[in-house]
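The values are calculated or read from the model by the stated rules, or taken from the named source; none is laboratory data. All values reported here derive from a predicted model rather than from experimental measurement. All Cβ positions, glycine included, derive from the backbone under ideal geometry; neighbour counts span all protein chains shown. We work out accessible area using only protein heavy atoms, side chains counted, and drop any ligands, DNA or RNA first. Shrake-Rupley method; radii C 1.70, N 1.55, O 1.52, S 1.80 Å.
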Amino acid sequence: MAIPALVSSLGVPDWLITGCSELLTLRGPVPRRGRGLRELGIVRDGALLVRDDRIVAVGPRRKVERLGQARRAEKLDLGGRVVVPGFVDSHTHLVFPTSRAEEYEQRIFGKTYREIARAGGGISATVRAVRHSSEKALSECASARLREFAAHGTTTLEAKSGYGLNWKNELKILSILQQLHQDQPLDIVQTFLGAHVVPPEFRKRPETFVDLLVRAWIPAVAMAGLAAFCDVFCDRGAFSVPQARRILQTARACGLVPRIHAEQFAKTGAARLAVEVQAASADHLDKIGRDDVRALALSNVVCTLLPGCSFHLGASRCAPARELIAAGAIVALATDFNPGTSPTVSMPMILSLACTQLRMTPAEALAAATINPAYSLRQHGRVGSLEVGKYADLAAFDVADYREIPYYFGVNLCKLTMKRGVVITTRS
Ligand code: NIG
Ligand code: FE
């Protein structure tokens with residue numbers, strides 16, 4: 001694949017991108033529900049014209065090539081690859097220092113996630129590690145991971161705090177994210193997850209911790225513009241539905257949009273709470289029932305499914321993706337990248353799991369990894385599809401048919417990633 005080195009005075013050349021055997025534009029209505037999830041807007045032998053960071057033309061190669069601007073642009077021939085909008089990973093816990101491989105092994109020996117957490121491991125173990133890590137060390141770790149996200153085709157991601165759980169360390173994570181957003185190419189959308197678990201120093205007085213969140217931390221995060229969203233881990237062993245309601249109502253009043261970790265481990269009513277507070281997203285949903293499916297389908301809450309967690313935890317029950325799609329819910333997929341339940345940066349792997357474990361079709365999985373998560377992050381005006389006016393964010397895969405993106409698993413077939421008109425990764 002030849003990549004021209006010539007760069008215009010603006011720093012970014014205009015590109016005429018050809019050699020797209022299948023160009024998945026994902027053009028059309030936002031968000032996608034039901035059968036709409038299968039509409040990928042595929043252009044065979046497609047092309048894109050990019051000016052600065054935006055797409056200015058997209059369609060069949062022969063048409064795009066004829067445009068005046070196309071003749072003056074740098075040529076980027078992708079050599080017959082399948083091109084998709086850059087993945088939008090709408091649920092990650094990006095900033096933490098080390099793995100929890102010892103817990104992984106303990107689980108293989110039969111311990112449960114909850115038993116490990118109760119013995120002081122789990123989220124609390126990562127909280128201790130974050131508190132002992134310098135800003136520089138954490139930032140370097142996160143930065144290296146971002147390069148890996150990009151190498152797997154992700155161009156926008158959401159990232160949560162929640163491993164600091166005191167003011168100093170929550171702030172440390174949020175400022176690392178802000179700095180990374182400026183210093184590296186991927187777009188990072190920030191979420192405040194002060195309500196991840198009750199921190200050790202408040203174990204005996206969880207309500208006092210909720211008071212602290214609603215009276216001090218959430219208003220301060222909102223006021224300082226440190227996050228667009230506020231999340232709560234509302235599940236067995238974390239926060240209750242009444243606590244989560246208080247936290248998310250406060251967040252909404254302060255201008256932060258709610259997101260919820262809902263019903264991963266137990267049926268709690270958290271999905272209904274997501275509908276009640278008009279959350280942007282309800283994530284996990286492994287344990288929801290039929291009524292919840294109906295309620296979610298009638299709402300604008302994006303159902304963000306995280307099959308990496310059930311895979312990594314070896315759980316037998318997954319979210320009812322087929323029921324959600326049939327009922328008309330807005331379904332998205334994300335990695336939930338974190339050291340406890342889903343240590344993967346790979347959206348292609350998540351697509352593979354969505355197909356085999358959640359019984360989503362490759363087309364549904366692709367829409368759920370691009371345009372729907374863009375909607376859940378309120379970024380659908382800029383990313384999530386390859387349409388005129390949007391960022392030139394795309395990934396080229398070395399496959400002959402888009403269904404091969406989930407079909408081949410455990411191998412990275414992403415050959416090139418472009419973010420805002422700049423080639424940020426290539427692989428030979
Ligand atoms: O989304 N469930 C809460 N948060 C993460 C797990 C975090 C951890 O175990 O460190 C999740 O699965
Ligand atoms: Fe999570």
By residue number, the members of segment 241-267 that are open to solvent by less than 50 Å² (accessible area, probe 1.4 Å), over 16 Å from H91 (Cα atoms) and within 16 Å of ligand 1 (Cβ to nearest atom) are V241, Q243, A244, I247, L248, F265, A266
Consider L180 carefully, then state whether it is within 16 Å of ligand 1 (Cβ to nearest atom), aliphatic (A, V, I, L, M) and either out of contact with any Phe, Trp or Tyr (no Cβ under 9 Å at 6 or more places or on another chain) or open to solvent by less than 30 Å² (accessible area, probe 1.4 Å) (or both). no
Residues being touching a residue at least 24 places away in the same chain (Cβ under 8 Å), open to solvent by 40 Å² or more (accessible area, probe 1.4 Å) and of a type in the set (A, V, I, L, M) - total across segment 219-240: 2
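Here are some residues: L10, L26, L49. Which one is modelled with pLDDT under 95 and either hydrophobic (A, V, I, L, M, F, W, C) or touching a strand residue (DSSP E or B) at 6+ places or on another chain (Cβ under 9 Å) (or both)? Reasoning before the result, please.
Working: L26 fails: modelled with pLDDT under 95; L49 fails: modelled with pLDDT under 95.
The unique qualifying residue is L10.
Among the helices (runs of 4 or more DSSP H) contained in segment 291-388, which hold 1 or more residues that are within 16 Å of ligand 1 (Cβ to nearest atom)? Walk me through how you get there before you give the answer.
Values: elements: 307-313, 321-327, 347-357, 362-368, 371-376.
Once the helices (runs of 4 or more DSSP H) in segment 291-388 are filtered for at least 1 residues that are within 16 Å of ligand 1 (Cβ to nearest atom), what remains is 307-313, 347-357, 371-376.
Suppose the filter is touching an Asp or Glu at 6+ places or on another chain (Cβ under 7 Å), farther than 14 Å from G36 by Cα and more than 14 Å from ligand 2 (Cβ to nearest atom); does L358 pass it?
Details: touching an Asp or Glu at 6+ places or on another chain (Cβ under 7 Å): no; farther than 14 Å from G36 by Cα: yes; more than 14 Å from ligand 2 (Cβ to nearest atom): yes.
No; evaluated as a whole, the condition is false for this residue.
Pick from segment 134-144 the residues that are touching a residue at least 40 places away in the same chain (Cβ under 8 Å) and away from ligand 1 (no atom under 16 Å from the Cβ): which of them is surrounded by the most Cβ atoms within 10 Å (Cβ to Cβ)? Quick ask: steps written out before the conclusion?
Let us first name the residues in segment 134-144 that are touching a residue at least 40 places away in the same chain (Cβ under 8 Å), namely 135, 137-139, 141-143.
Cutting the leftovers down to away from ligand 1 (no atom under 16 Å from the Cβ) gives us 135, 137, 139, 143.
Values: E135: 14, A137: 11, S139: 20, S143: 15.
Among those that are touching a residue at least 40 places away in the same chain (Cβ under 8 Å) and away from ligand 1 (no atom under 16 Å from the Cβ), it is S139.
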Among R317, R290, the single one that is farther than 26 Å from S99 by Cβ, more than 19 Å from the chain's Cα centre (by Cα) and open to solvent by 10 Å² or more (accessible area, probe 1.4 Å) is R290
Can you find even one residue in segment 346-367 that is among the hydroxyl-bearing types (S, T, Y) and free of Cβ contacts under 8 Å to residues at least 60 places away in the same chain? yes
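Being among the aliphatic types (A, V, I, L, M), away from ligand 1 (no atom under 11 Å from the Cβ) and within 20 Å of the chain's Cα centre (by Cα) is the filter here; which residues of segment 82-133 pass it?
Let us first name the residues in segment 82-133 that are among the aliphatic types (A, V, I, L, M), namely 82-84, 88, 94-95, 101, 108, 116-117, 119, 123, 125, 127, 129-130.
Right, trim to away from ligand 1 (no atom under 11 Å from the Cβ) and you get 82-84, 88, 94-95, 101, 108, 119.
V83, V84, V88, L94, V95 - these are the residues of segment 82-133 that are among the aliphatic types (A, V, I, L, M), away from ligand 1 (no atom under 11 Å from the Cβ) and within 20 Å of the chain's Cα centre (by Cα).
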